[in-house]
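A.B. asks: For reference, the structure I am asking about is given below.
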Amino acid sequence: MPPSFQETVRTPNGRLRGRIGLSHLLFLAIASIPFAARAARVGDVVETSVWTQAVRFLTLSDPSVRYALLGAVLIGVSTGLLGSFIVVRRMAMAGDALSHAVLPGVALGFLWNMSKDPMAIFVGATLAGLLGTAFVSWITSTTRIKEDAALGMVLAGFFSVGLCLMSMIQGLPTGNKSGINSFIFGQAAAIGPSDLKLMAIVTVGALLGVGLFYRQLLVTSFDPGFARASGLPVRWVHHGLMLFLAFAVVIALQAVGVVLVSALLIIPAATAYLLTDRMHRMLAIAVAAGVAAGVAGSFVSFLAPALPTGPFIVLASASLFSAAFLFSPRQGLLLRWWHQRSRNARVARENTLKAIYHLSEAHGFKGEGALVRELAERRRSTLEEELVRIRGLVAAGWATLSDDRAVVYPTPAGWQRGSEIVRNHRLWELYLTNAAQISPDHVHEDAEKIEHVLGEELVRELERRLQFATVDPHGKAIPAIGDIRGSAPSRGDTTIGFRRSGP
Amino acid sequence: MNELIPDFDFQRVVVAPWASDFQGNIWVVLMGFFAITACGLVGQYLVLRRMALVGDAISHSVLPGIVIAFLLLKSRSSGAMFVGALFAAVLTTVLIEFIQKKSRVKQDAAIGIVFTSLFALGVIMVSLFTSQIDLDLDCVLHGEIVNVPLEFPFVQVAGLTLGPSSVVRMAAVSLITAVLVMGFYRQLLVSSFDPGLAGSLGVNASVVHYALMGWLSVVVVSCFDSVGAILVVAMLILPATTASMVTDRLPWALASVPLQALLSALGGFHLATWLNCAIAPAMVVASCGLFALAWIFGPVDGQWAKRRRRRANALPDAVLDPFLGKS
């Protein structure tokens with residue numbers, strides 16, 4: 001190996017090693033569970049061999065490691081690209097059926113010249129996968145069997161034929177049978193240079209195909225009706241996608257195995273689906289997730305001799321999915337929960353401001369603050385509860401509390417917000433009674449909700465439609481803009497609005 | 001090729017197994033028969049409810065449940081396996097629904113994510129702890145039905161020797177399945193075809209749903225070590241789809257399941273003897289063969305019958321077509 005190559009691969013590794021440290025520790029923790037019981041006997045040996053393997057992997061000193069890594073990257077790219085389309089077309093289970101259906105093809109390809117010839121296996125597996133897909137559509141179109149049952153039948157039927165063939169091959173007296181089992185659960189370490197060539201060809205093909213026919217794929221995926229109307233060959237796009245899908249599944253077999261290859265199509269794409277709304281970004285993220293999972297999975301499975309690669313790659317992508325599921329900026333569970341929480345807190349604060357306004361209104365807007373005791377009485381809560389709420393206001397800068405905790409003074413901003421809420425509430429009540437003919441005693445509940453979400457634009461529009469009414473259906477004054485904002489510019493705004501829309 | 005597919009020797013394939021080792025082989029066939037019967041009965045309802053792929057998911061994801069139960073209880077007792085698998089099955093359904101509800105990932109992708117992840121977890125545990133749980137990847141894949149007759153001692157009840165424990169267990173499970181399917185026939189029927197009507201008749205559809213899922217996991221577990229995780233899917237779905245080619249009536253479809261099970265188990269056994277291949281997959285191949293026959297010759301939805309009907313109806317169709325907008 002030329003020394004320069006070693007240099008170039010080692011430099012990024014300095015960083016890589018730091019990042020993988022965590023998963024490494026995690027693996028040791030997992031691995032130590034079974035050995036804890038008999039640590040005295042085998043613990044030492046196993047630990048050293050795990051570390052040696054880790055060093056071998058990280059330094060890329062072994063060609064099989066380099067092949068495995070490159071393979072994982074290529075597989076991640078092709079499955080991420082095609083899997084994204086599978087997920088947005090809701091064909092995830094079709095991908096699963098296709099990937100199980102390739103097994104008899106793998107066995108027949110192996111039988112072709114009784115060796116693990118990548119080309120023969122590639123052709124056999126692709127044909128079997130496509131035959132399986134054809135069977136699914138044949139069965140669903142000629143009988144009343146639903147798609148899910150047809151998929152399940154083809155999946156398990158083809159798979160069992162494959163298993164029969166496999167066991168027949170293993171019973172044969174001649175031939176080199178080693179390595180055929182690695183197709184079922186995957187063994188990235190078994191990837192050879194000729195496998196890599198195929199993977200590279202397929203990946204480049206998938207990139208080119210998706211790049212050239214991106215628009216067609218996009219339109220047929222999201223709006224097949226429009227695609228058909230605009231003369232796109234929807235069927236052919238579908239067949240082409242299935243063909244490339246079969247290719248991608250077949251090249252991934254060696255590393256991930258027949259059983260779990262569908263996970264590689266679905267999980268990275270679903271992860272990306274949670275993270276973005278744009279298809280091209282989804283493709284990029286799915287590819288990145290697939291590559292990351294592939295590399296992490298092959299690393300872990302390389303640490304010990306008998307570990308299959310596929311399950312680790314699947315678990316790695318499943319953890320990426322869980323991370324996206326929890327932390328995605330817009331779709332994430334935690335962030336949505338957080339948004340909801342902060343929204344609820346804001347609504348609670350605004351309700352307290354509203355109560356202060358009501359109290360002040362009841363006293364004829366005399367005096368500066370509101371008595372906490374009266375506030376509590378008005379809202380039928382205890383003093384402690386009221387003080388907790390007021391502390392929320394104080395923290396948000398909307399009010400101050402007197403030292404003896406008896407009086408709460410809204411700040412100018414707080415007072416303004418409170419009046420806005422009351423205005424929104426009363427305007428909405430008026431609008432519902434006037435425009436929607438709802439009786440005045442049925443509008444309060446609705447207004448309670450909408451007062452927190454009405455925007456300034458909408459409020460102006462309401463005011464205009466209600467011809468700047470000043471009294472709500474219950475006879476209470478609607479706070480006008482002038483009361484809320486004492487400053488000149490806002491008054492100017494209102495007049496412009498008035499002139500523009502006035503009769 | 002000749003080495004791969006031996007000549008069909010009637011004496012060797014059909015007569016010899018029964019003449020030489022009747023005791024050994026009858027248990028294998030019976031195991032297959034009971035497994036397909038139990039799966040087929042439950043599977044009818046899965047297919048009716050369009051939940052075939054949920055069945056697929058559960059049959060995969062019971063694996064980690066079984067392995068964890070093995071590891072925790074250090075025994076291969078049926079009880080531990082059932083509990084572990086039941087837990088895993090419930091977890092699967094709950095997770096699928098959770099992902100579907102709490103994100104915009106659709107049902108098909110959610111199923112794909114959950115069961116592959118759980119299955120991967122199971123496979124990893126099996127390969128890490130192989131020495132502790134006498135279960136290996138081959139067993140997960142296609143089961144070890146050959147080992148059934150080797151389970152000594154045979155179960156004895158009241159002094160009678162019944163048979164290998166797994167066969168007895170499977171027989172009990174399929175018997176209970178049959179009893180349940182008959183006992184709750186109305187509830188299952190109405191909630192499968194018309195959940196709205198079920199609600200108005202006082203049948204709680206979601207209780208039926210979860211009970212079905214729970215029993216599915218019991219059935220899957222009891223045939224797990226003889227047929228493996230993936231072939232179960234075929235045994236769940238194939239009897240139902242084959243029956244739907246032949247009959248329109250659910251009672252007949254259910255009644256056809258034991259017959260299909262017998263044919264598949266026997267056919268698969270002889271196929272495996274002929275070709276020297278694994279027995280459980282061969283039984284599934286035999287089921288596929290039955291489906292293919294039904295697909296062609298089935299009187300209700302078979303292709304031949306349909307073509308004949310179409311030909312018999314040729315004139316009315318031609319007359320009606322202009323009115324139906326087909327020209």
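Nothing in this text is a laboratory measurement; each read-out follows from the coordinates by a stated rule. Just so it is clear, the model here is predicted, and its values are computed rather than measured. Cβ sites come from the backbone with ideal geometry, for glycine too, and all protein chains shown count toward neighbours.
A.B. asks: Skipping prolines and chain starts, which residues have an amide H placed within reach, meaning under 5 Å, of the one on B:Leu162, given they are 5 or more residues away or on another chain?
C.D. replies: Those qualifying (amide H under 5 Å, at least 5 residues apart or on another chain) are B:Val155, B:Gln156, B:Val157.
A.B. asks: Output the direction-averaged projected area (hull surface divided by four) of the convex hull of the alpha-carbon atoms of region A:62-331, in nm². Intermediate values should be presented prior to the final figure.
C.D. replies: Numbers: hull surface 58.9 nm².
Reported value for the Cα convex hull: 14.7 nm².
A.B. asks: In addition: Which of the lysines could a cross-linker span from A:Lys366 if the Cα-Cα distance has to be under 26 Å and same-chain partners fewer than 8 positions apart are dropped?
C.D. replies: Leaving aside lysines fewer than 8 places away in the same chain, those within reach of A:Lys366 are A:Lys354, A:Lys476.
A.B. asks: Per 0.36 nm of contour for each residue apart, how much would the distance between B:Gln132 and B:Arg249 grow if the chain were fully extended, relative to their Cα-Cα spacing?
C.D. replies: Details: separation 117, 0.36 × 117 = 42.12 nm, distance 4.79 nm.
Difference between extended and current length: 37.3 nm.
A.B. asks: For region A:452-463, in order, what is each residue's ³J(HN,Hα) by Karplus, 6.51 cos²θ - 1.76 cosθ + 1.60 with θ = phi - 60°, in whole Hz (x at glycine and Pro)?
C.D. replies: 7, 10, 5, x, 4, 4, 5, 5, 4, 4, 4, 4
A.B. asks: Along the three principal axes, how long is region A:89-241 when you take its alpha carbons, biggest first, rounded to the nearest angstrom?
C.D. replies: Reported extents, whole Å, longest axis first: 58, 39, 21.
A.B. asks: In whole Hz, what ³J(HN,Hα) sequence does region B:260-268 give by Karplus (6.51, -1.76, 1.60; θ = phi - 60°), x for Gly and Pro?
C.D. replies: Once rounded to whole Hz, the list reads 4, 4, 4, 4, 5, 5, 5, x, x.
A.B. asks: In deg cm²/dmol and to the nearest 500, what is the mean residue ellipticity at 222 nm of chain B if only DSSP H runs of at least 4 residues count, each as -39500 (n - 2.57), divided by the residue total?
C.D. replies: -25500 deg cm²/dmol
A.B. asks: How long, wide and thick is chain B, going by the Cα atoms along their three principal axes, in whole angstroms, largest first?
C.D. replies: 71, 58, 45
A.B. asks: Sequence-distant or interchain residues sharing an amide H contact under 5 Å with A:Val407, placed H: which?
C.D. replies: A:Val372, A:Ser402
A.B. asks: Rank B:Val148, B:Asn204, B:Leu118 by how far each Cα sits towards the positive end of the charge dipole of chain B (+1 on Lys, Arg Cβ; -1 on Asp, Glu Cβ) and give me just the farthest.
C.D. replies: B:Asn204
A.B. asks: Which loop trypsin sites (Lys or Arg not before Pro) in region A:346-381, with loop taken from DSSP, have no more than 14 other Cβ atoms within 10 angstrom of their Cβ? Present the calculation step by step, with values, prior to reporting the outcome.
C.D. replies: On the way: sites: A:Arg346, A:Arg349, A:Lys354, A:Lys366, A:Arg373, A:Arg378, A:Arg379, A:Arg380; in loops: A:Lys366, A:Arg379, A:Arg380.
Here the sparse-neighbourhood loop sites are A:Lys366, A:Arg380.
A.B. asks: Oh, and also: What trypsin sites (Lys or Arg not before Pro) in region B:1-85 are in a loop by DSSP, with at most 14 other Cβ atoms within 10 Å of the Cβ? Mind dumping the intermediate values first?
C.D. replies: Numbers: sites: B:Arg12, B:Arg49, B:Arg50, B:Lys74, B:Arg76; in loops: B:Arg49, B:Arg50, B:Lys74, B:Arg76.
For trypsin sites (Lys or Arg not before Pro) across region B:1-85 that sit outside H, G, I, E and B with at most 14 neighbouring Cβ atoms in 10 Å, the list reads B:Arg50, B:Lys74, B:Arg76.
A.B. asks: Something else now. Among B:Ala234, B:Val220, B:Ala294, which residue has its Cα positioned farthest towards the positive end of the charge dipole of region B:180-327, with +1 placed on the Cβ of Lys and Arg, -1 on the Cβ of Asp and Glu, and the dipole taken about the Cα centre?
C.D. replies: B:Ala294
A.B. asks: Top mean-square fluctuation among B:Ser61, B:Ser200, B:Ser244, Gaussian network model of chain B, C-alpha springs under 10 Å?
C.D. replies: B:Ser200
A.B. asks: Which aspartates and glutamates, if any, have their Cα less than 18 Å from the Cα of B:Lys74, not counting same-chain residues under 8 positions apart?
C.D. replies: The reachable aspartates and glutamates, counting only those whose Cα sits under 18 Å from B:Lys74, are B:Asp134, B:Asp136, B:Asp225.
A.B. asks: Applying the Karplus parametrisation 6.51 cos²θ - 1.76 cosθ + 1.60 with θ = phi - 60° to the phi angles of region A:467-472, what ³J(HN,Hα) value in whole Hz is obtained for each residue in order, glycine and proline being reported as x?
C.D. replies: 6, 6, 4, 10, 10, 7
A.B. asks: Based on the Kirkwood radius over alpha-carbon pairs, what value in µm²/s does the Stokes-Einstein equation return for the translational diffusion coefficient of the protein assembly as shown at 20 °C and 1.002 mPa s?
C.D. replies: On the way: Rh = 31.0 Å.
My calculation gives 69 µm²/s for D.
A.B. asks: Could you work out, for region A:378-473, what percent of all Cα-Cα pairs fall into each 5 Å distance bin, beginning at 0 Å and stopping at the bin that holds the largest distance?
C.D. replies: 3, 12, 18, 19, 15, 12, 12, 7, 2, 0
A.B. asks: For each cysteine in chain B, check whether another cysteine's C-beta sits under 4.7 Å from its C-beta; list those where none does.
C.D. replies: B:Cys39, B:Cys139, B:Cys223, B:Cys288
A.B. asks: For A:Lys197, give me every one of the lysines with a C-alpha distance below 29 angstrom, ignoring sequence neighbours fewer than eight places off in its own chain.
C.D. replies: Filter leaves A:Lys116, A:Lys177.
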